[in-house]
Amino acid sequence: MSELKVLGISGSLRKASYNTALLKACAELMPAGMKMTYARIDDIPLFNQDVFDAGLPEPAKRFRAEVAAADGLLIASPEYNFSLSAALKNAIDWGSRPPNQVFQDKPIAIFSASQGPMGGARVQYDLRRILASSGPMCCRGRKSSSALRRRKSTRTARSPTRRRRSSSPS
């Protein structure tokens, strides 16, 4: 069996990024037969459909080729203003444009290192939501928000047979 190639993508551009450090730790813990390389996203220009149509800039070509060549992706992203970084969203925009969406059918794992009280939960939600349009494996089998709303609306807040707690001491 050939070696599995995992592409690590950090949504942080900081030199002392917790997310980049954790990606490197993941690479050290990988079992035999797996190898991680790292995508560079700091030099990718802002997405512009006119530029895309005229011809991909070299950094965008490189990123798309790295994603396409990988057997799977490991994305680590901090949470900025309740969502993902502009650099990571921009890289996803360059990779998700047809034809040949590079995220299509690609296994993707997502994690985050965050000092915030939510621990990066919102960035992970947003990443799944954004990537879902490109068809990666991280986003399949999830219930839609409308299905979740229907399920919630059928439940009652309190069962009529449930005993209420008394506020008076017994």
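Please give me the summed charge of the neighbours of Ser112: other residues whose Cβ is under 11 Å from its Cβ, Lys and Arg +1, Asp and Glu -1. Value of the local net charge: -1.
Within region 4-139, what percent of beta bridges assigned by DSSP are antiparallel, to the nearest 5? Could the numbers behind the result be given before it?
Details: 1 of 15 bridges.
Percent antiparallel among DSSP bridges in region 4-139 is about 5.
Placing a pseudo-label 7 Å from each Cα along the Cα-to-Cβ vector at Ala16 and Ala109 gives an inter-label distance of 2.8 nm.
Compute the distance from the alpha-carbon center of region 105-123 to that of region 1-25, in whole Å. Using only Cα atoms, the two centres lie 13 Å from each other. Net charge near Leu46: determine it from the other residues with C-beta under 14 Å of the C-beta of Leu46, scoring Lys and Arg +1 and Asp and Glu -1. My count for the surroundings of Leu46 gives -2.
Values quoted throughout were computed directly from the atomic coordinates according to the rules given, and no laboratory measurement underlies them. Please read all numbers here as calculations on a predicted model, not as lab measurements. So basically every Cβ, Gly included, is an ideal-geometry build from the backbone, and we count neighbours across all protein chains shown.
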